[in-house]
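The values are calculated or read from the model by the stated rules, or taken from the named source; none is laboratory data. Worth saying up front: this structure is predicted, and the values here are computed from it rather than measured. Heads up, the Cβs are rebuilt from the backbone with ideal geometry, glycines too, and the neighbour counts pull from every protein chain shown. Each accessible area value is taken on the protein alone, full model and side chains, heavy atoms only, with ligands, DNA and RNA left out. Shrake-Rupley method; radii C 1.70, N 1.55, O 1.52, S 1.80 Å.
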Amino acid sequence: MKYPRIAVFASGTGSNAESLMKKMKDLGCEIEFVFSDKRDVGVLEKALRLGVKTYLVEKTSDRATHEEEVLKLVHRHRIDWIFLAGYMRLISASFLQTLQSHHQGATQIVNIHPSLLPAYPGSQAMERAFADQVPHSGITVHFVDEGMDTGKIIMQEQVALQKFESFSDFKMKMHSVEHRLYGQFLENVVTGKIPTLSYKETVEC
Ligand code: GAR
């Protein structure tokens, strides 16, 4: 079966990346590669354990040079979709435009965020919602733009915060919804329910 070529970008523990890798295997396919901008993080170990190719490009220089290195990987593997999964770095407008130019104008880069956006964008979203004791928070899957968790929303699901619930219970519930929701989106992409505009090969690297 021909399926879209998907890369996962992550910076940390990698529970979402792991669940995407496993879901892809369940669908009979493989994540093309996992990329991390941080050394010694759980996601790299998880990918290695699952036999998925990994790349590490640390940000040792300016943003443009770092993104150029990352783009080379995307071009080399003719990636159709990028799934951000705890990737704690903003993507520049020029990186997005380059990707779009290879995908006939489509934005095939998505992110998962642990809040009901536009509420609680940025880091520590679960912690902040918990500290505010909101009656419910939730999970958002959205397209990526150059802002901080500001792109067009694709899917959202509410998660209730019960009175007297501990943070660790709340966090566990939130993660389990994340894994299911992102897995559902991945399945929709792989099965073609969400169409993919394939990578146009015009780049040499
Ligand atoms: C996840 O909760 C993800 O939604 C969040 O980082 C966590 C990474 O956990 N992403 C953001 O906050 C993006 N703004 P993981 O490494 O276990 O997947």
Exception for R180 within (1) open to solvent by 10 Å² or more (accessible area, probe 1.4 Å); (2) within 16 Å of the ligand (Cβ to nearest atom); (3) in a helix (DSSP H, G or I); (4) touching a residue at least 24 places away in the same chain (Cβ under 8 Å) falls at (4)
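Looking at the stretch 34-44, which of the residues that are open to solvent by 10 Å² or more (accessible area, probe 1.4 Å) and not charged (D, E, K, R) is farthest from the ligand (Cβ to nearest atom)?
Filtering the stretch 34-44 down to residues open to solvent by 10 Å² or more (accessible area, probe 1.4 Å) leaves 38-42, 44.
Next, from what is left, pick out any that are not charged (D, E, K, R): 41-42, 44.
On the way: V41: 8, G42: 7, L44: 11 Å.
Among residues in the stretch 34-44 that are open to solvent by 10 Å² or more (accessible area, probe 1.4 Å) and not charged (D, E, K, R), the one farthest from the ligand (Cβ to nearest atom) is L44.
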Inspect all residues belonging to the stretch 123-145 and state whether any of them is within 15 Å of the ligand (Cβ to nearest atom), aromatic (F, W, Y) and closer than 24 Å to V74 by Cβ.
-> yes
Positions within the stretch 126-161 being touching a helix residue (DSSP H, G or I) at 6+ places or on another chain (Cβ under 8 Å) and farther than 24 Å from E18 by Cβ, in sequence order | D145, E146, L161
Counting only residues in the stretch 45-66 that are open to solvent by less than 20 Å² (accessible area, probe 1.4 Å) and assigned to a helix (DSSP H, G or I), the one nearest to Q108 (Cα to Cα) is identified as H66
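Conditions tested, residue by residue: (1) surrounded by 18 or more Cβ atoms within 10 Å (Cβ to Cβ); (2) hydrophobic (A, V, I, L, M, F, W, C); (3) more than 12 Å from the chain's Cα centre (by Cα).
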site	(1), (2), (3)
R5	yes, no, yes
G14	yes, no, no
K22	no, no, yes
E32	yes, no, yes
I79	yes, yes, yes
Within the stretch 120-141, track down each residue that is in contact with an Asp or Glu (Cβ under 7 Å, 6 or more places away or on another chain) and either open to solvent by less than 50 Å² (accessible area, probe 1.4 Å) or over 22 Å from S11 (Cβ atoms) (or both).
-> G122, G138, I139
Can you tell me which residues in the stretch 87-119 are within 20 Å of E32 (Cα to Cα) and open to solvent by 30 Å² or more (accessible area, probe 1.4 Å)?
-> T98, Q100, T107
Out of S123, S137, S115, sole residue that is of a type in the set (S, T, N, Q) and more than 16 Å from the chain's Cα centre (by Cα) = S137
All positions within the stretch 1-40 that are over 24 Å from I91 (Cα atoms) and part of a helix (DSSP H, G or I) | K22, K23, M24, K25, D26
